[in-house]
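Visitor: Have a look at this one.
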Amino acid sequence: MKRFAGISVAGLCSVGAGLIHGGAIGIHAEHPQLSRLFLLVTIAQLSIGLALLLRPAVWQLPASVVVNAGAVAAWLVTRLTGISWIDGLEVREAPQLTDSLCAGLGAVAAAVALGAYLVGERELPSTRLRLPTLAVAVVA
């Protein structure tokens, strides 16, 4: 069967990162603008991740790269300099375990989606997702 290599792993990692972002919404409730941004990132990562898992299509791969690499880039900026125009992110923050794991999942999702897009469809054996699913669940 022809399909994209790693597309399920990219979807799982995007869903995992989206779940972590969803958990961060309430933690940042004192900053409504930041909470809304977390909500948007949560929706974007969950949507593209579920789409990759349930109805994979070639157009979803670049979308996954943009969504997940964008989230990782924003995390990196908040750790290096801060973002002055977003309430709650004005000052640089030290990396914490949870946000670092979330960024890692997003980076894996973006990298695997980019690789799948560049390699294209191939004849692949059936995919076993128990271990990747368990790994993402433990991290998330």
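Visitor: Checking the structure you have, find out if any residue of the stretch 31-50 is over 17 Å from Gly11 (Cα atoms), among the aromatic types (Phe, Trp, Tyr) and open to solvent by 50 Å² or more (accessible area, probe 1.4 Å).
Guide: No; the residues of the stretch 31-50 include none that is over 17 Å from Gly11 (Cα atoms), among the aromatic types (Phe, Trp, Tyr) and open to solvent by 50 Å² or more (accessible area, probe 1.4 Å).
Visitor: A further question follows. Find all pairs meeting these conditions: Cβ atoms under 7 angstrom apart; at least six residues apart or on different chains; first residue within the stretch 112-140 and crowded, with 16+ Cβ neighbours inside 10 Å and small (Gly, Ala, Ser); second residue at pLDDT below 75 and part of a loop (DSSP other than H, G, I, E, B).
Guide: Ala116/Ala5
Residues are listed down the side, and each one gets a yes or a no for (1) of a type outside the set (Phe, Trp, Tyr); (2) modelled with pLDDT under 90; (3) touching a Phe, Trp or Tyr at 6+ places or on another chain (Cβ under 7 Å):
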position: His21; (1), (2), (3): yes, no, yes
position: Asn68; (1), (2), (3): yes, no, no
position: Ala71; (1), (2), (3): yes, no, no
position: Ala74; (1), (2), (3): yes, no, no
position: Ser84; (1), (2), (3): yes, yes, no
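Visitor: Let me ask something else about it. Examine the stretch 87-105 for a residue that is of a type outside the set (S, T, N, Q), open to solvent by less than 60 Å² (accessible area, probe 1.4 Å) and within 16 Å of Ile7 (Cβ to Cβ), and state whether such a residue exists.
Guide: yes
Visitor: Here are the criteria: (1) in contact (Cβ under 8 Å) with a residue 24 or more places away in the chain; (2) under 16 Å from the mean Cα position of the chain (by Cα). Tell me which single one Ala63 does not satisfy.
Guide: (1)
Visitor: Identify the residue in the stretch 1-17 that is open to solvent by 20 Å² or more (accessible area, probe 1.4 Å) and not hydrophobic (A, V, I, L, M, F, W, C) and, among all such residues, is farthest from Ala140 (Cα to Cα).
Guide: Filtering the stretch 1-17 for residues that are open to solvent by 20 Å² or more (accessible area, probe 1.4 Å) and not hydrophobic (A, V, I, L, M, F, W, C), the one farthest from Ala140 (Cα to Cα) comes out as Lys2.
Visitor: If the requirement is being more than 18 Å from Tyr117 (Cα to Cα), hydrophobic (A, V, I, L, M, F, W, C), out of contact with any Gly (no Cβ under 6 Å at 6 or more places or on another chain) and open to solvent by 40 Å² or more (accessible area, probe 1.4 Å), which of these qualifies: Ile20, Ile83, Ile27?
Guide: Ile27
The values are calculated or read from the model by the stated rules, or taken from the named source; none is laboratory data. Please read these numbers as outputs of a predicted model, since none were measured by experiment. Heads up, the Cβs are rebuilt from the backbone with ideal geometry, glycines too, and the neighbour counts pull from every protein chain shown. Note: areas computed on protein heavy atoms with side chains; ligands, DNA, RNA excluded. Shrake-Rupley method; radii C 1.70, N 1.55, O 1.52, S 1.80 Å.
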